[in-house]
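The structure appears below as structure tokens.
The values are calculated or read from the model by the stated rules, or taken from the named source; none is laboratory data. Just so it is clear, the structure is predicted and the values come from calculations on it, not from any experiment. All Cβ positions, even for glycine, are placed from backbone atoms using ideal geometry, and neighbour counts span all protein chains on display.
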Amino acid sequence: MKKILEKTVETLCIISQGRHRTNLLKKQEQKALAFLVCRVPACVTSDMLTAIGFLGGVITSLSFVLALYVDRYLLLLGIFGFLVNWFGDSLDGRLAYYRNAPRKWYGFSLDITVDWITTILIGFGFVIYAKGLAELLGLFFVVMYGWEMITALLRYKITDKYSIDCGMIGPTEVRIIISIILIMEVFIQGSIIYFAMVACACIFISNLIETVKLLKAASMRDQKEKENSLVDSHTSL
């Protein structure tokens, strides 16, 4: 038991490199990733996991189309899609660190690009499923998630800490929230519109709070660099 615990702690330390997490479910998620990353077959690469994550996004997007034209219960397929997406998207980079073969900037660039395309696909699926002005919620969701991604990138530039979370809300929490909304829509048709409005409002508020924090951090860095510049000029004299 002690050896298992020590192995888990060691794995957690390895896979946590290069990423700062603040999301609500970070402890549970990290433990799950530590368990899974040890069991990924040797033939599976990080790029394959990225592709699997993208496939999950495609499945979720298609669930909206199938729900509209075939049966509303097929929205539940979207939950499976989110699970597949979480598995691939969460494990791809962590697997690279676990195998001591990280490609920091390649992985960073690929991950951001695929995440953005996946978000657009899911938003597009919602637009197809929704009717009337409700279609705008799909667009708003994509914009809000894009804002969150931009905030994460700016935070990385300013603080040198890369976090994919916006406060307590991270990709995992967003997947869970949307999955709950899909379940509610299956049993109460039309409820997805109201839940989506609330979800988008929450993401907007979270983004706004994180943007204010980011601007304060940027201001502090400007002040620090200015002070360092003055010290350097005095030293040179």
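Miscellaneous remarks
- Among the residues of segment 82-139, those identified as among the β-branched types (Val, Ile, Thr) and closer than 20 Å to Ile183 by Cβ are Val84, Ile122, Ile128.
- In segment 102-117, the condition of being of a type outside the set (D, E, K, R), under 30 Å from Tyr194 (Cβ atoms), assigned to a helix (DSSP H, G or I) and in contact with a helix residue (DSSP H, G or I) (Cβ under 8 Å, 6 or more places away or on another chain) is met by at least one residue.
- Extreme residue, surrounded by the fewest Cβ atoms within 10 Å (Cβ to Cβ), among residues of segment 149-159 that are of a type outside the set (Lys, Arg), closer than 21 Å to Ser219 by Cβ and touching a residue at least 24 places away in the same chain (Cβ under 8 Å): Leu153
- Test: residue in segment 175-189 that is of a type in the set (S, T, N, Q), modelled with pLDDT of 90 or more, assigned to a helix (DSSP H, G or I) and surrounded by 15 or more Cβ atoms within 10 Å (Cβ to Cβ): yes
- All positions within segment 99-117 that are free of Cβ contacts under 8 Å to residues at least 60 places away in the same chain, closer than 16 Å to Ala51 by Cα and exposed (fewer than 15 other Cβ atoms within 10 Å of the Cβ): Tyr106, Ser109, Ile112, Thr113, Trp116
- Near pairs, Cβ below 8 angstrom, 6+ apart or cross-chain, from segment 160-178 (touching a residue at least 24 places away in the same chain (Cβ under 8 Å) and at negative phi) to any residue that is surrounded by 21 or more Cβ atoms within 10 Å (Cβ to Cβ) and basic (Lys, Arg): Lys161/Arg155; Tyr162/Arg155; Ser163/Arg155
- One residue stands out among those in segment 133-166 that are part of a helix (DSSP H, G or I) and of a type in the set (D, E, K, R): the one that is nearest to Thr118 (Cα to Cα), which is Glu148.
- Scanning segment 192-230 for residues that are among the small types (Gly, Ala, Ser) and exposed (fewer than 14 other Cβ atoms within 10 Å of the Cβ), we see that the one that is modelled with the lowest pLDDT is Ser229.
- Among residues of segment 64-95, those that are under 29 Å from Phe35 (Cα atoms) and either acidic (Asp, Glu) or in contact with a Gly (Cβ under 6 Å, 6 or more places away or on another chain) (or both), counted: 7
- Segment 1-44, subset modelled with pLDDT under 70, over 21 Å from the mean Cα position of the chain (by Cα) and among the hydrophobic types (A, V, I, L, M, F, W, C), residue surrounded by the fewest Cβ atoms within 10 Å (Cβ to Cβ): Met1
- Residue that is modelled with the highest pLDDT, among those in segment 118-146 that are buried (at least 18 other Cβ atoms within 10 Å of the Cβ) and within 30 Å of Met220 (Cα to Cα): Met144
- Test: Ile192 is assigned to a helix (DSSP H, G or I) and without any contact (Cβ under 8 Å) to a residue 40 or more places away in the chain: no
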